[in-house]
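The structure under discussion appears below in the form of structure tokens.
Each value in this text was obtained by applying a stated rule to the coordinates, not by laboratory testing. Keep in mind the model is a prediction, meaning the values are calculated, not measured. All Cβ positions, even for glycine, are placed from backbone atoms using ideal geometry, and neighbour counts span all protein chains on display.
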Amino acid sequence: MNPFIQIQKATPVLLAALLFAYFGLSPAALAVVPAPDGCYPGFTTAEGCGALNSLTTGAGNTGVGWRSLFFNTSGSFNTALGAVALLLNKGDSNTAVGAAALLLNTTGPTNTAVGVGALSSNTFGGGSTAVGYQALASQTGRGGSTAIGESALASQTDGEANTATGAAALESTTGSRNTANGFTALRDSTGNDNTALGAGAGGNVTTASNVICIGAGVSGANVDDSCYIGNIFGSTSASGVGVFVNSDGRLGTMTSSARYKNQIKPMGEASEALFALTPVTFRYNKEIDSTGIQQLGLIAEEVEKVNPDLIVRDKEGKPYSVRYDQVNAMLLNEFLKEHRKVEQLEKQVAELIAGLKKVSAQTEIKIGPRRK
């Protein structure tokens, strides 16, 4: 089979191997003048004082720069461009572009570092991508992170699965599974599983985890399991509808159109459950409302005893809140029932007054006018 057809169907690593095999076994091509510099065995290219100085069995390596890939012996498919780039490397399939990029990498594989000092402290971590001056400069361990921007994830040491896009994004983090997109987003956060989108987003999040901040300058707060979204508070949507969220975190709106409903019938006596409810005043715990403002409402556990369909449950199935929109509909039904009673009473009173007037008129006719 034509080797180029084989190459088209190959994986990247196999592709490289096929290329090496093809060109290594093919008849000698016409020589170019002057001859290429650094044509070494094992498909190796080295240029610079001490570049690939220790290479033994490694293949497909390219070292350009003073002592680039200096200690690499058996590692293969590495590319280093810059002074001391991948200096200590013994791993495979790493790419370092910039002075001191991946400087201390030893056994870590499949890393990409572009920028002076990018991933410079990485030793055994693999699968990380760092683009920018000092990006992921302190990482030493597990890896699997992506940093794009000057000093992005610069202080991360052993965290994993972090993604930072923007200068100084997640600069000080030591946590894992964080995502920051924007200049200085989550800059001082050391927590886990946080998400910030926008320049300066998550600026107040330091040690908290599971925090979401969306919008430029949306600093949020250092509170676990919280969400902050900009440009909503104080922005009126005059003809809109209320937004609800369920225990799975899904946002949505309620619809009142008949085309989305079935088994429609009058509420009748179902709303009389209201009379068994006990409205209360209360204050939230300090971790929820530090100001301690007095609130008015119902207690979900008490409402559940009256009508379980009137409460919202959390992910564990425990009572969490009250469906106040349903309570409002029940109040409307009770109001209309009372209004109809009042209308009926008014009609009866009107009929009674009319009857009394008629009797009074008839009595006056029979008695006749008084004599002077």
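General observations
- The Kirkwood radius of segment 220-312, taken over pairs of alpha-carbon atoms, gives through the Stokes-Einstein law at 4 °C and 1.567 mPa s a diffusion coefficient of 74 µm² s⁻¹.
- Ascending count of other beta-carbon atoms within 10 Å, so fewest first, for MET330, MET267, MET254: MET254, MET267, MET330
- DSSP beta bridges confined to the chain are antiparallel in about 25 percent of cases.
- For GLU351 and GLU301, the FRET efficiency from 1/(1 + (r/R0)^6), where r spans their Cβ atoms and R0 equals 41 Å, is about 0.25.
- Here the calculated FRET efficiency for SER74 and THR174, from their Cβ-Cβ distance with R0 = 25 Å, stands at 0.15, rounded to the nearest 0.05.
- Residue-span extension gain [LYS261 to ASP325] - 0.36 nm each, minus C-alpha spacing: 21.4 nm
- Modelled this way, with points 7 Å down the Cα-to-C-beta line, the labels at ARG250 and GLU47 are 5.8 nm from one another.
- Distance from the C-alpha centroid of segment 63-100 to that of segment 264-301: 66 Å, rounded to the whole angstrom.
- Between ASN210 and ASP309, the simple label model (points 7 Å from Cα in the Cβ direction) yields a spacing of 3.1 nm.
- 38 Å tail of the calculated P(r), the chain, as % of Cα pairs: 52
- Global geometry of segment 75-160, whether rounded, prolate or oblate, following the gyration tensor of its Cα atoms and the 1.5 cut on a/c: oblate
- The GNM of the chain, with springs linking C-alpha atoms under 10 angstrom apart, assigns the highest mean-square fluctuation among TYR133, TYR228, TYR324 to TYR324.
- By the beta-carbon count within 10 Å of each Cβ, the least crowded to most crowded order of GLU334, GLU301, fewest first, is GLU301, GLU334.
- Compared with the dominant principal axis of the Cα atoms in the chain, helix 324-367 is inclined by about 10°.
- As a proxy for reagent exposure, ranking ILE264, ILE353 by other Cβ atoms within 10 Å from fewest up yields ILE264, ILE353.
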